[in-house]
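Quick notes on the structure that follows.
The values are calculated or read from the model by the stated rules, or taken from the named source; none is laboratory data. Bear in mind the structure is a predicted one, so any value in this text is a computation, not a measurement. Cβ atoms come from the backbone with ideal geometry, glycine included; neighbour counts cover every protein chain shown. In case anyone asks, the SASA skips ligands and DNA or RNA and just uses the protein heavy atoms, side chains included. Shrake-Rupley method; radii C 1.70, N 1.55, O 1.52, S 1.80 Å.
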Amino acid sequence: TRLETKGSTALYLKTGIACFTLFAAAKPAQSFINSSIGLKPGDEIPLAASGITAFATGAAVAVASSPFDIVKTIHQMPNTGGESSTMAVLKTNYTKFGLKGLAADLPIKTVMVIIGWGAVSAITQQSSTVPEYGQALFRY
């Protein structure tokens, strides 16, 4: 038997883009939200601030990685050759369906990423207080 790797390029791109977006968006989103609600270094971080940060970063991840998730799914469907490149599938989807072809099921993907990122954020939050700029404080 042969190992099926249909859609692997799109999967790796999706994962890489998701990770990059998550880490690139998390700190600016958290800093913006903390300053918007008036938190200063040493203040307790309210659950609402963590939730809003999870929402913002989760939405950014879903939007950035969704087109590659669609390509991966198309490549993995039965009776599709999977021979088309990732970029060719993206172009075809956009040509046929417009932005909907790049963002199918985006609302549900966004909700799922927000829930997942919110849970991870709550479990791994490094600090229960707002850290000084450039510092990380640990709860334990």
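Side notes on the structure shown:
- For Ile37, the stated conditions do not hold, so it cannot be described as open to solvent by less than 30 Å² (accessible area, probe 1.4 Å) and modelled with pLDDT of 85 or more.
- Pairs, first open to solvent by 100 Å² or more (accessible area, probe 1.4 Å) in the stretch 88-108, second not in a helix (DSSP H, G or I), C-beta under 9 Å, six or more apart: Tyr94/Leu102; Phe97/Ala104
- Pairs linking a residue in the stretch 7-24 that is buried (at least 17 other Cβ atoms within 10 Å of the Cβ) to a residue that is acidic (Asp, Glu) and in a helix (DSSP H, G or I), with Cβ atoms under 8 Å and 6 or more positions apart or on different chains, are Ala10/Asp69; Lys14/Asp69.
- Lone qualifier among Ser66, Ser84, Ser50, Ser31 - being hydroxyl-bearing (Ser, Thr, Tyr) and in a loop (DSSP other than H, G, I, E, B): Ser84
- Only listed residue being modelled with pLDDT of 80 or more, within 17 Å of Lys27 (Cα to Cα) and under 21 Å from the mean Cα position of the chain (by Cα), chosen from Thr57, Thr110, Thr124: Thr57
- Residue check, Val71 more than 15 Å from the chain's Cα centre (by Cα), hydrophobic (A, V, I, L, M, F, W, C) and at pLDDT 85 or above: yes
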